[in-house]
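Colleague: Got a structure for you, questions after.
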Amino acid sequence: MIVKKIPPGCLMPSAALTLKRAKWYAFLDRPPIAGDVVYGRVSRLGQHSTLENRNGRIHILNDGSRAVFVYGNRYAPDHYEGIVPNGPQSEVDMLARSGVVGEVRVRNSALKDPTRVRVLGFVCHEDGSPVNTLDNPLISPRISVKAARRSKLVLVVGTSMNSGKSMAAAACCWALSSMGHEVRASKITGTASLKDILLMSDCGASRYTDFTHFGHPSTYMLTEAELLRIFNQTDLAYANNPKNYWVVELADGILQRETAMLLSHADIRSRIHRLVFCAGDALGCLGGVAVLRERFGLSPDAVSGVVSSSPLAVTELAGAGIHIPVFDSLARNLNLMSEILL
């Protein structure tokens, strides 16, 4: 085993949110698993030219930039599908701005090739034991049994990524906090990125969290049991008070593996106080509402997202027989949102 001390000054990405800086070392002979931390150097700039750090600051990357990265999987129809490689790699692909790395399987043809990172060594402790983000969770509920009455869950789902879910969730946080309610906010699935939960914080959520607080760089390919653990542990830690509201976003679309797993579970469905469905256009909304009803037995309490900002699209929805309240996540009509969310 070759062990070298990692020099100070390397960037710490948001995918490594659970880790604190320490006297870290690097070695070169470990097959990777999700959550493993590597020290690397940018060898070729591609799609990602920035890196989000664990405080939310965006760093500019250059050829030769050195940082800590985290192995993980990613599912993103508008970007990449990437996985943790089966064995050691001298170079890996940067899958997300948060510092998640792996091996790209497929990419959206509108994107550039991924930024490449040369692996300089796996991060380990002084004794040679590997550093993995899963070993340092930030959430540990003080109770283990849910009370009968809990915070009201406002669940935000959509047709796919970039359908406007994060803006809708933020609008819900703003509306509820503006009405004087205590709001907690969470993102249960997706790929590490502080942007969405920081937006919910900016819009009034007093506490905010996501799956990275459990050490997961992403939730893609997690088991159903682990997904439910993330949801339930977050529920126990942040949604105890029945006077509060808990705004939760599920990433990607309702056909995506992990989102579908959660929506299929009776415990999740029964927990919903209000369901907000986001879509990019009227036709997508029409199909999505049908899927929610037929596959999951759910009917949205409101429509929002990209479609809600277009008066013509909203007219198309009404003409197609969708008579569900629509709130524009950008205009944010407080009176309308209070009728929907309370």
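The values are calculated or read from the model by the stated rules, or taken from the named source; none is laboratory data. The shown structure was predicted, so the numbers you read here are calculated from the model rather than taken from an experiment. Using ideal geometry, Cβ is built from the backbone for each residue, glycine included, and neighbour counts are taken over all protein chains shown.
Colleague: Name, by its number, the condition in (1) at pLDDT 95 or above; (2) farther than 14 Å from P217 by Cα; (3) surrounded by 13 or more Cβ atoms within 10 Å (Cβ to Cβ) that does not hold for R57.
Modeller: Looking at each condition in turn, R57 falls short on (3).
Colleague: Related question: Within region 217-231, restricting attention to residues that are part of a loop (DSSP other than H, G, I, E, B) and out of contact with any strand residue (DSSP E or B) (no Cβ under 9 Å at 6 or more places or on another chain), which residue is nearest to A192 (Cα to Cα)?
Modeller: The qualifying residue nearest to A192 (Cα to Cα) is L222.
Colleague: Continuing with this model, one more query. For region 200-244, name all the residues that are more than 22 Å from I272 (Cβ to Cβ) and free of Cβ contacts under 8 Å to residues at least 40 places away in the same chain.
Modeller: S201, D202, T223
Colleague: For the structure I just gave you, tell me whether G204 is crowded, with 20+ Cβ neighbours inside 10 Å, of a type in the set (G, A, S), in the same structural domain as S166 (by TED's automatic domain parsing) and within 13 Å of the chain's Cα centre (by Cα).
Modeller: In short, no.
Colleague: Now a separate question. Output the number of residues of region 287-342 satisfying the condition of being outside any helix (DSSP H, G or I), out of contact with any helix residue (DSSP H, G or I) (no Cβ under 8 Å at 6 or more places or on another chain) and within 29 Å of D267 (Cβ to Cβ).
Modeller: Number satisfying all stated conditions: 1.
Colleague: Let me ask something else about it. Take the residues of region 104-120 that are hydrophobic (A, V, I, L, M, F, W, C) and closer than 14 Å to F69 by Cβ: which is surrounded by the fewest Cβ atoms within 10 Å (Cβ to Cβ)?
Modeller: L120
Colleague: Also, quick follow-up: Filter region 305-342 down to the residues that are buried (at least 17 other Cβ atoms within 10 Å of the Cβ) and on the phi > 0 side of the Ramachandran plot and list them by number.
Modeller: Selection gives G305, R332.
Colleague: Which residue is modelled with the lowest pLDDT, if the candidates are limited to region 1-30 and must be crowded, with 18+ Cβ neighbours inside 10 Å and among the small types (G, A, S)?
Modeller: Of everything passing the filter in region 1-30, A26 is modelled with the lowest pLDDT.
Colleague: Now for a separate question. Determine whether region 5-22 contains at least one residue that is farther than 24 Å from R107 by Cβ, in a strand (DSSP E or B) and in contact with a Cys (Cβ under 9 Å, 6 or more places away or on another chain).
Modeller: There is no residue in region 5-22 that is farther than 24 Å from R107 by Cβ, in a strand (DSSP E or B) and in contact with a Cys (Cβ under 9 Å, 6 or more places away or on another chain).
Colleague: Please determine whether any residue of region 69-91 is in a loop (DSSP other than H, G, I, E, B) and among the hydroxyl-bearing types (S, T, Y).
Modeller: yes
Colleague: Something else: For region 178-201, give me the residue count where each residue is buried (at least 22 other Cβ atoms within 10 Å of the Cβ) and among the basic types (K, R).
Modeller: 2
Colleague: Quick one: would you say I33 is surrounded by fewer than 19 Cβ atoms within 10 Å (Cβ to Cβ), in contact (Cβ under 8 Å) with a residue 60 or more places away in the chain and touching a strand residue (DSSP E or B) at 6+ places or on another chain (Cβ under 9 Å)?
Modeller: Criteria met by I33.
Colleague: Need pairs with beta-carbon distance below 7 Å; first residue closer than 13 Å to L51 by Cα and within region 78-101, second among the acidic types (D, E) and outside any loop (DSSP other than H, G, I, E, B); sequence gap 6+ or separate chains.
Modeller: R97/E52; S98/E52; V101/D93
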